[in-house]
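Taken together, the values in this text are just the output of simple stated rules run on the coordinates, not laboratory data. Keep in mind it's a predicted model, so treat the numbers as computed, not measured. Ideal geometry is used to build each Cβ from the backbone, glycine not excepted, and the neighbour counts take in all protein chains shown.
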């Protein structure tokens, strides 16, 4: 009972919303009703009820008391017609009302359970998958649920012409009962939202999936329960993607994308998901080491599981980027583990992405990197990190139109990810659009590369006070050193102060001294650091050849380095 609107072959409204929520709580063949329906059924002959308890339903402000309803086996529906008013304790309209309510419930239930197709008012071309609700009795499954959430997003990305928002941008909506579907859809710039509730995890997995169209008004298109043995969980995600594609009149990519569909070792899958969460959510050196343990455990449990090998490769890429491992140690492991993943599954998008990153950062092979990026995006066109890093290699080659196009796609696919938005901001910074770069950086204090963007913005805008203060942050927690540089700034000016900062950065092996020496017209010192970075095969070296170091571009040594890197100058 509630607002139920019927338009043609569609039904929607508040009543449908509540019905779909409590349906997810029900066991097979169980009937659940809310307290408002229960009050109209209580004490009716032949109907029994049992209070299930108060439930907090998504997008419903107040808790709802839910009851389980059953019918007396001795009372058959057809017998109701034989009851005469003379023998009945109740007026006939009560029985008619009961029949109507029951019939309405089954119509609604059948509508959702069968996922009968509806044609939306306008096409759905973008979608977001909210974090999974855990309706199991086990609260220790959060990493597994997070991994399943990521898996479903990746599988949905096989749908042609559909933008699927990346996981990082949807994480902020975990347990977000206070926001309406339209609010979330507006913030993520999508047409529809998928909600998923995990009902059970064990030897089998049972998930309730709902597709909700956000505009012009919220409309539940369908809901369906998917049930598979855990070893077939990859097939379950493929079933969901096929159902969604059919519902919104789009098609999946070719079966080539599904080459990895197989039965899996459930323990290996869970170990892999634990590792994936550690290395992606907060890649500190400690967490990356934990991820490595989980990925190796997954390989021990299932030596044919390609994602686990790609996971080890990603660990070594991350350690290399964090300066926790040398190139001599990291690069062979990056290559060997990723190559094994590709042998097991040539179309695994993460392995193709890692291949592209390795060719980009370790080999400086731009053609090889581009080919791998394009392959990764062919299999998963919604891979926001692949788009963002592809934008970076295009930027390094000064292919600006293509670089900006991929940066914009990455931003659209992951609008709330500080990492993605930072990578995009860096493209705009190198392109010379410092206002756009700074606007992106100002959105969030956690933006990747925020210090780099903000300091360059301050310097180029002539705010030397702020530029210096941001540079001093690179000196760490040495308060005495910071104060001494401030004193030099007050007494001798900006150039004298940043010369000290450049020297300190060089002692630490940091590459940013190149930029400061270029500002100071210390060309020999800037070139000396670039040549050192080349000998070290530092992954940051190519970023100094995008065209923003104007004072270096005429120097023959700079030109020679550009030739060695096969880059424009």
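Condition check for residue 338 on (1) over 26 Å from residue 155 (Cα atoms); (2) buried (at least 24 other Cβ atoms within 10 Å of the Cβ): one failure, at (1).
Go through 432, 476 for me and flag whichever is more than 24 Å from residue 281 (Cβ to Cβ) and touching a residue at least 40 places away in the same chain (Cβ under 8 Å). So the residue among 432, 476 that is more than 24 Å from residue 281 (Cβ to Cβ) and touching a residue at least 40 places away in the same chain (Cβ under 8 Å) is 432.
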